[in-house]
1. Along the range 139-148, what does the Karplus equation 6.51 cos²θ - 1.76 cosθ + 1.60 (θ = phi - 60°) give for ³J(HN,Hα), rounded to whole Hz, x for Gly and Pro?
2. Mind checking the angle between helix 91-109 and the chain's longest principal axis? C-alpha axes, 0 to 90 degrees, to the nearest 10.
3. Taking Cα pairs under 8 Å and at least six residues apart, what relative contact order does the range 13-77 come out at, in percent?
4. Roughly speaking, to the nearest percent, how much of the chain's 1.4 Å accessible area is carbon and sulfur?
5. With angles folded into 0 to 90 degrees, how steeply does helix 2-35 sit against the dominant principal axis of the chain? Use alpha carbons for both and round to 10.
6. If ligands, DNA and RNA are left out, what is the accessible area of H4 with a 1.4 Å probe, given in Å² to the nearest 10?
7. What accessible area per residue comes out for the chain, rounded to a whole number of Å², with a 1.4 Å probe?
8. How far is helix 58-85 tilted off the main Cα axis of the chain, in degrees rounded to 10, range 0 to 90?
Amino acid sequence: MAKHVLKRVLMMLAGYFVAVLVGLIAVVAIYAALSSLPNAPEYFGFMGITPIVALVVPPLGMFVYFLTIILTGLQTLIFALIAEFFSLRNFWLHMVFGAAAAIGGFALVWPSAPEDMGPERWADIAIIAAAGLAAGLIYWLIAGREAGFRRPLYQL
């Protein structure tokens, strides 16, 4: 039993670290795609250029990656433990958990967002939620499909 729980914890960690990376890539890809739309805010174009900056200055990219881990870690841990304790294996549920964790992390970075909820803030929240959906799907592919601390009877 302990070996199975340790395996699940390691899969949760691996899934989380890869999902954060994919989520960050999704944020950049969405901003880059949306920056080509007419009437897009000016900073959308800047957000699409940030991967170049992260590649030129790797410490900046690592800072953003670890900051994202810090900001979304607690929410994701809670969601992952819920999924593991109740053996929740539905990919939609993991995607919703990913979106909720991403929005929670965004709220920690931008606590004044509810006060200045212009169209740009709603767009930012939607973009972050979409990236969280992608991250949740990746987490499900790595760790969520076999969620459950209890071993199935056929593995005993």
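1. Result, ordered by residue: 4, 4, 4, 8, 10, x, 5, 10, 4, x Hz.
2. That helix lies at roughly 50 degrees to the long axis.
3. Numbers: 36 pairs, mean separation 19.6, N = 65.
It rounds to 30 percent for the range 13-77.
4. On the way: 7350 of 9370 Å².
The nonpolar share, carbon plus sulfur, comes to 78 percent.
5. 20
6. For H4, solvent-accessible area is about 20 Å².
7. Numbers: 9370 Å² over 156 residues.
Solvent-accessible surface per residue comes out at 60 Å².
8. 40
The values are calculated or read from the model by the stated rules, or taken from the named source; none is laboratory data. As the structure is a prediction and not an experimental result, all values here were calculated from the model. The accessibility values were calculated without ligands, DNA or RNA, using every heavy atom of the protein model including side chains. Shrake-Rupley method; radii C 1.70, N 1.55, O 1.52, S 1.80 Å.
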